[in-house]
1. With respect to Ala122, determine if the residue is exposed (fewer than 14 other Cβ atoms within 10 Å of the Cβ), among the hydrophobic types (A, V, I, L, M, F, W, C) and over 14 Å from the mean Cα position of the chain (by Cα).
2. Any idea which of (1) touching a residue at least 24 places away in the same chain (Cβ under 8 Å); (2) more than 23 Å from Asp30 (Cα to Cα); (3) among the charged types (D, E, K, R) is the one Lys82 doesn't satisfy?
3. Of these, Leu34, Leu6, which one is surrounded by 14 or more Cβ atoms within 10 Å (Cβ to Cβ) and touching a Lys or Arg at 6+ places or on another chain (Cβ under 7 Å)?
4. Please pick out the residue among Ile92, Ile104 that is under 19 Å from Gly60 (Cα atoms) and surrounded by 20 or more Cβ atoms within 10 Å (Cβ to Cβ).
5. Just checking, which of Gly103, Gly140 is within 20 Å of Leu6 (Cα to Cα) and in contact (Cβ under 8 Å) with a residue 40 or more places away in the chain?
6. Residues that are surrounded by 14 or more Cβ atoms within 10 Å (Cβ to Cβ), over 19 Å from Asp90 (Cβ atoms), within 12 Å of the chain's Cα centre (by Cα) and of a type in the set (A, V, I, L, M, F, W, C): does segment 125-142 have at least one?
7. State whether one or more residues within segment 145-158 are in contact with a Gly (Cβ under 8 Å, 6 or more places away or on another chain), at pLDDT 95 or above and either buried (at least 22 other Cβ atoms within 10 Å of the Cβ) or of a type in the set (Asp, Glu) (or both).
8. Just to verify a result, which residue in segment 17-48, among those that are without any contact (Cβ under 8 Å) to a residue 24 or more places away in the chain and part of a helix (DSSP H, G or I), is farthest from Asn64 (Cα to Cα)?
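The values are calculated or read from the model by the stated rules, or taken from the named source; none is laboratory data. Not measured: the values here are computed from a predicted model. Note that each Cβ is placed from the backbone with ideal geometry, even for glycine, and that neighbours are counted across all protein chains shown.
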Amino acid sequence: MKKIGLFYSFHTQKTAKVAEKIQKALGEKDVEALNVEEVDEKKFAGFDNLVLGVPTWFDGELPNYWDEFVPAIEEMDLKGKKVAIFGLGDQINYPENFCDGIGIMGKLMEQQGAELVGFVPADEYNFESSVSVRGDKFAGLALDQENQARKTNKRIEDWVAGLKKSFN
């Protein structure tokens with residue numbers, strides 16, 4: 001398996017904890033964790049396989065640190081790259097835009113030529129809408145640490161098993 005770039009904010013609590021679990025599940029020697037708040041375009045584009053930690057803020061927005069990196073991404077050619085996205089959201093308090101960050105980032109990655117991998121069924125969640133849903137699946141791993149934290153470890157385990165096949 002090619003080296004994987006794992007991008008997330010090191011300054012978040014919940015996303016960082018999930019990222020560490022994902023890194024361990026993928027095999028720490030195969031993954032380079034990078035703080036998205038400090039990364040440059042060359043480093044980002046230097047991986048064939050990327051995992052992005054993209055929580056949803058407020059009413060369906062990207063966190064500031066991702067939003068500030070969007071103009072750089074819009075200039076990149078990501079053809080041939082495989083991208084998996086995980087995100088945290090709250091399906092009870094924000095049911096109308098649960099994990100929208102996954103969908104926003106996923107669309108951007110595809111517009112730049114990347115292939116999204118790591119879709120997961122949306123049937124175990126209870127929310128009104130999400131731009132992350134395509135058909136009956138999320139365009140990445142949706143996690144709700146507020147209301148379904150007990151399901152997180154199993155969801156990560158299942159998701160990573162699929163990523164290992166996709167990232168060959």
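1. Here the answer is no, as Ala122 does not meet what is asked.
2. Unmet for Lys82, out of (1) touching a residue at least 24 places away in the same chain (Cβ under 8 Å); (2) more than 23 Å from Asp30 (Cα to Cα); (3) among the charged types (D, E, K, R): (2).
3. Of Leu34, Leu6, the one residue that is surrounded by 14 or more Cβ atoms within 10 Å (Cβ to Cβ) and touching a Lys or Arg at 6+ places or on another chain (Cβ under 7 Å) is Leu34.
4. Residue meeting the stated conditions: Ile104.
5. Selected residue: Gly140, the only one of Gly103, Gly140 that is within 20 Å of Leu6 (Cα to Cα) and in contact (Cβ under 8 Å) with a residue 40 or more places away in the chain.
6. Looking for residues that are surrounded by 14 or more Cβ atoms within 10 Å (Cβ to Cβ), over 19 Å from Asp90 (Cβ atoms), within 12 Å of the chain's Cα centre (by Cα) and of a type in the set (A, V, I, L, M, F, W, C), one finds none in segment 125-142, hence no.
7. So far as segment 145-158 goes, no, none of its residues is in contact with a Gly (Cβ under 8 Å, 6 or more places away or on another chain), at pLDDT 95 or above and either buried (at least 22 other Cβ atoms within 10 Å of the Cβ) or of a type in the set (Asp, Glu) (or both).
8. Lys29
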